[in-house]
Structure formats: C-alpha cells, structure tokens
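In what follows, a structure is listed as structure tokens, so that the remarks can point back to it.
The values are calculated or read from the model by the stated rules, or taken from the named source; none is laboratory data. Values in this document were obtained by computation on a predicted structure and should not be read as measured data. Glycine gets a Cβ as well: all are built from the backbone with ideal geometry, and neighbour counts include every protein chain shown.
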Amino acid sequence: MNTKRILNITAAVLMAFCMVPTGLAAEKVTAGQIIAIKTKAKLGDAASMHNLGVCFLNGWGVAKNTAEAVKWFRKAAEKGYAEAQGNLGLCYFDGLGVAKNTAEAVKWFRKAAEKGYAEAQYNLGLCCLNGWGIAKNTAEAVKWFRKAAEKGYAEAQYNLGICYANGWGVKESEEEGVKWLRKAAKQNLKPAQDVLKEAGLTW
C-alpha cells in the first residue's frame, strides 16, 4: 500500500467545532428558545452558556457576533464545560471574536481533551503534529488521535491511519494504517476512501 504519498494530512482534515446547540435544531432556533437560553445562561447554567455561544457564533436566532460567542464560551469553559472549552480553543486558533493565539488555543483544547471530548482530542493532536501553539511532537499527536479514534471520531481515525502508514510518532505498520483508514472510510470520510481506493483496497 503506497500511503507514503499522502504526506500532508492536514490538507484533508480540519479543526472541529461543536456547532450544534444541545437539544436544539441548529438554524431553527426560535426567539422563544433564545430567551430561555439567555435566562438559563445568566443564571449560571454552563450548557446554556455554551449554547448561547454557538448561537452567537452562527447567527442562529440572534445577530451573529463572534465576540459575544467568545464571551459565553469562556463563561462555560471556566465552569469546566468541555464543549465550550473546545470551542473557545477554536476561537483562539482561528481568531474569531478574539486575537488569534495558538498557544491559548492549545491550552483550552487540552482542558477539553483531558475531559474526554473527542473533537478537542483530535484538534490537540493536529496541534501536536504540526507544532501549532506547542512544540511539534508526533508521538503526542498519535496519543490524542488514538483517544479520539477509539471514540469513533472519523477524522482522528484517518489521521491515526496515516501516522501508522508513515511511521509518524508510532512504529510504522501498514496493517494498522489500513485498519484505521478503513474505520474512517466506513464512516464516509472521503480522504480515507480516496487513499484506500488509490491503493486498490476496499472498505
């Protein structure tokens, strides 16, 4: 299997936002729901704080306001709410509503990752792999990709497969590489399907 051609793994994968407000239907957030979310958020409910941040980030039921999104993500993140910690990290990573700061992004990714939040584990793995806001460490990247991959996170399964195929941060193993690529491909992740297809393998 010639997976060594696929060297730039970040070209096919992106940072992952937790975009859907818990218990709500994304773009169909109503004015009444926003009032309820704001009320609970102001009373200190971390999930509502996070949901309000997501709504402001996307302009769902409110005018889009990334600075306001960061404000509510931070409030929830400081209460230990993992999804908010992950999203606050992404705001810092992308410079959304706050000055871009990859080291601060890594700090928040790590907090969420250590709570077992798969998206943050994956994002932290990308940072470790590429040296974004942290010293490059491929073994650490593999560690976090594996944690997210074992939770079924397709992009992490893909990256873990590519790491095995290239011997990045782990002993090179075509068998393990194919195993993880197939797991990602079965979840319809196109980059994984493309790698397997080009190698003449099925999933």
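Yes/no matrix, rows are residues, columns are (1) at pLDDT 90 or above; (2) in a helix (DSSP H, G or I); (3) surrounded by fewer than 23 Cβ atoms within 10 Å (Cβ to Cβ); (4) not small (Gly, Ala, Ser):
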position	(1), (2), (3), (4)
17	no, no, yes, yes
36	yes, yes, yes, no
49	yes, yes, no, yes
85	yes, yes, no, yes
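Which one is surrounded by the most Cβ atoms within 10 Å (Cβ to Cβ), of the residues in segment 91-108 that are touching a residue at least 24 places away in the same chain (Cβ under 8 Å), assigned to a helix (DSSP H, G or I) and in contact with an Asp or Glu (Cβ under 9 Å, 6 or more places away or on another chain)?
Of everything passing the filter in segment 91-108, 105 is surrounded by the most Cβ atoms within 10 Å (Cβ to Cβ).
In this structure, is residue 133 within 15 Å of the chain's Cα centre (by Cα), outside any helix (DSSP H, G or I) and surrounded by fewer than 24 Cβ atoms within 10 Å (Cβ to Cβ)?
Taking the combined requirement at face value, the residue does not satisfy it.
Output the residues belonging to segment 93-120 that are modelled with pLDDT under 95, out of contact with any Gly (no Cβ under 6 Å at 6 or more places or on another chain) and either closer than 26 Å to residue 157 by Cβ or among the small types (Gly, Ala, Ser) (or both).
Listed by number, the residues that qualify are 93, 94, 95, 118.
Please state which one of 193, 187 is polar (S, T, N, Q) and part of a helix (DSSP H, G or I).
193
Can you tell me which of 139, 148 is among the aliphatic types (A, V, I, L, M) and surrounded by fewer than 20 Cβ atoms within 10 Å (Cβ to Cβ)?
Result of the check over 139, 148: 139.
Within segment 100-147, which residues are among the aromatic types (Phe, Trp, Tyr) and under 19 Å from residue 160 (Cβ atoms)?
109, 117, 122, 132, 144, 145
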